[in-house]
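**Q** Handing you a structure now.
The values are calculated or read from the model by the stated rules, or taken from the named source; none is laboratory data. Since this is a predicted model, take the numbers as computed values, not measurements. Cβ placement follows ideal geometry from the backbone for every residue including glycine, while neighbour counts extend to all protein chains displayed. Calculation scope for accessible area: heavy atoms of the full protein, side chains included, ligands and nucleic acids excluded. Shrake-Rupley method; radii C 1.70, N 1.55, O 1.52, S 1.80 Å.
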Amino acid sequence: MWRIALAMLLGDRPKYLALVVGLSFAVLLISQQGAIFLGLLVRATGPLQNVAQPDLWVTDPYVRWVSETRALADSDLFRVRSVSGVQWAEPFFSARVSCDLPGGGQRLVSLVGVDRTTLVGQPPEITEGRLEDLKIDGAVFVEESARSKLEDVKIGDELKLNDRRAVVVGYCRAKSGFDSPALLYTTYAQAVTFVPLGRNAMTFILVKVKPGEDIASVQARIAALPGVAAYTTDELRAKTMNFILVETGIGINFGITVLLGVIIGLAVSSAIFYQFTMENSKNYAVLKAMGAKRPALIGMVLLQAVWVGCIGFGCGVGLTGLFAIMSRTPGTELAVLFPAWLFGASFVGMIACISVGSLLSLQRVLRLEPAVVFK
């Protein structure tokens, strides 16, 4: 019976291909848009993607997300260092600055400043140059993907940050922020001269907890200090993602697109699968007249639905996976994250699509009278 079911399905090539393409497109919409949305959420976390050394991020208690900060004072750094259980605490700077290019152009860049001595917060990977050269007066490292945005600057070229001279001493590789600005690295001391913000210029205080100390306990002690709050990397990441979801329209827009994918899959698969069943009603009537039982007929319809669904699912997630691989190319502007649970959610969406189509078809098959074959 299963061979007959597959022969009926594969024998009508146009409708078989229409079913596969419709389900593939629905799964592609669900998984790809979901992956892009997750990728944008992760990209919105900015420096959290690149800094792995600290256990805690100390900032102003009213900060809503990682790119909306209120500067801390030097006295806050000293108070955090005095907290019991803190192994080290170092300043970290992150701000936007106007950059004048060698060819006369101008661009807004993201400037990251790290501690000159410890270099905590340094770029994840150096591709050219020496990290120690960052200590040279006016030195900056340019993130690889930003070179084309900065007129393909070379090592030794000069930039102007807020009309102050900066020299490119190397290239690095790091993940960019939400709006993909060009990313530059320098020391904290030089960053505050490039971007004069007054007496308070510290964006974050990066804290490492002593070995054997409980991170939550140290976090509570720091949070007890006036005017500061302490977050783990995961907490600050979740706070940022929650802000993007609640305070912006990104979540709603991508949610509508994913919902459209489900609706398209339901409509296409249900309509074509039902029409396919109608056109094969005489074949099912013949099988009924030959004594085929209800369970056998139900199995045939479900086999056809599962067959088409699995192939459509494979094509859809395969294209999404290819898209995700392309997004990992250095310098790409694509923001894609395709975790295992999204793979599972796409599979559930596919099951919902084929379930509705197969239920409609089953009702038609089970109501058939064997006499139809004689009409």
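This table checks each residue for (1) free of Cβ contacts under 8 Å to residues at least 40 places away in the same chain; (2) among the small types (G, A, S); (3) in contact with a Gly (Cβ under 8 Å, 6 or more places away or on another chain).
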residue: I4; (1), (2), (3): no, no, no
residue: D12; (1), (2), (3): no, no, no
residue: A18; (1), (2), (3): no, yes, no
residue: L28; (1), (2), (3): no, no, yes
residue: Q49; (1), (2), (3): no, no, no
residue: A52; (1), (2), (3): no, yes, no
residue: W57; (1), (2), (3): no, no, no
residue: V63; (1), (2), (3): no, no, no
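**Q** Filter the helices (runs of 4 or more DSSP H) completely within segment 217-289 down to those with at least 3 residues that are touching a Gly at 6+ places or on another chain (Cβ under 6 Å) and farther than 30 Å from S84 by Cβ.
**A** Passing ranges, in order: 250-279.
**Q** Among the numbered criteria (1) in a helix (DSSP H, G or I); (2) in contact with a Leu (Cβ under 9 Å, 6 or more places away or on another chain), which single criterion is violated by K208?
**A** (1)
**Q** What tally of residues in segment 210-222 results from selecting those that are open to solvent by less than 30 Å² (accessible area, probe 1.4 Å) and farther than 10 Å from L56 by Cβ?
**A** Residues in segment 210-222 being open to solvent by less than 30 Å² (accessible area, probe 1.4 Å) and farther than 10 Å from L56 by Cβ: 0 in total.
**Q** Is it the case that segment 54-66 has a residue that's more than 14 Å from K239 (Cα to Cα) and surrounded by fewer than 21 Cβ atoms within 10 Å (Cβ to Cβ)?
**A** Looking through segment 54-66, at least one residue is more than 14 Å from K239 (Cα to Cα) and surrounded by fewer than 21 Cβ atoms within 10 Å (Cβ to Cβ).
**Q** Do we have F92 as hydrophobic (A, V, I, L, M, F, W, C), buried (at least 17 other Cβ atoms within 10 Å of the Cβ), within 19 Å of A189 (Cα to Cα) and touching a Phe, Trp or Tyr at 6+ places or on another chain (Cβ under 6 Å) here?
**A** Yes.
**Q** Identify the residue in segment 335-375 that is open to solvent by 50 Å² or more (accessible area, probe 1.4 Å) and outside any helix (DSSP H, G or I) and, among all such residues, is modelled with the lowest pLDDT.
**A** Checking each candidate, the answer is K375.
**Q** Looking at the structure I just gave you, is L41 within 30 Å of T320 (Cα to Cα) and open to solvent by less than 40 Å² (accessible area, probe 1.4 Å)?
**A** It is true that L41 is within 30 Å of T320 (Cα to Cα) and open to solvent by less than 40 Å² (accessible area, probe 1.4 Å).
**Q** Then there is this: Hey, can you tell me all the residues within segment 246-268 that are among the aliphatic types (A, V, I, L, M) and surrounded by fewer than 17 Cβ atoms within 10 Å (Cβ to Cβ)?
**A** If the condition is that a residue be among the aliphatic types (A, V, I, L, M) and surrounded by fewer than 17 Cβ atoms within 10 Å (Cβ to Cβ), then V246, I250, I252, I256, L259, L260, I263, A267 are the ones that fit.
**Q** Restricting attention to segment 295-306, which residues are more than 11 Å from L9 (Cα to Cα) and surrounded by 13 or more Cβ atoms within 10 Å (Cβ to Cβ)?
**A** A296, L297, I298, G299, L302, V306
**Q** Could you tell me how many of the residues in segment 55-70 are among the aliphatic types (A, V, I, L, M) and either touching a His at 6+ places or on another chain (Cβ under 9 Å) or in a loop (DSSP other than H, G, I, E, B) (or both)?
**A** So the answer is 2.
**Q** Return yes when V301 is out of contact with any Cys (no Cβ under 9 Å at 6 or more places or on another chain), assigned to a helix (DSSP H, G or I) and at pLDDT below 75 and no when it is not.
**A** No: the conditions fail for V301.
**Q** Tell me, which residue of segment 224-263 that is of a type in the set (V, I, T) and modelled with pLDDT of 90 or more is nearest to L29 (Cα to Cα)?
**A** The residue in question is T240.
**Q** Out of (1) of a type in the set (V, I, T); (2) out of contact with any helix residue (DSSP H, G or I) (no Cβ under 9 Å at 6 or more places or on another chain); (3) open to solvent by less than 30 Å² (accessible area, probe 1.4 Å), what's the single condition that is false for I205?
**A** (2)
**Q** Residues that are of a type outside the set (A, V, I, L, M) and open to solvent by 50 Å² or more (accessible area, probe 1.4 Å): find the strands (runs of 3 or more DSSP E) completely inside segment 105-160 holding 2 or more of those.
**A** Correct list: 106-114, 125-128.
**Q** I would also like to ask the following. Say whether the condition of being out of contact with any His (no Cβ under 7 Å at 6 or more places or on another chain), over 30 Å from S75 (Cβ atoms), crowded, with 17+ Cβ neighbours inside 10 Å and in contact (Cβ under 8 Å) with a residue 24 or more places away in the chain is met by at least one residue in segment 223-243.
**A** yes
**Q** Among the residues of segment 67-89, are any at pLDDT 95 or above and touching an Asp or Glu at 6+ places or on another chain (Cβ under 7 Å)?
**A** yes
**Q** Which one of these does A292 not meet: (1) modelled with pLDDT under 75; (2) in contact with a helix residue (DSSP H, G or I) (Cβ under 6 Å, 6 or more places away or on another chain); (3) open to solvent by less than 30 Å² (accessible area, probe 1.4 Å); (4) of a type in the set (A, V, I, L, M)?
**A** The failed condition is (2).
**Q** Restricting attention to segment 312-334, report how many residues are surrounded by fewer than 18 Cβ atoms within 10 Å (Cβ to Cβ) and either in contact with a Ser or Thr (Cβ under 8 Å, 6 or more places away or on another chain) or at pLDDT below 80 (or both).
**A** Qualifying residue count, segment 312-334: 11.
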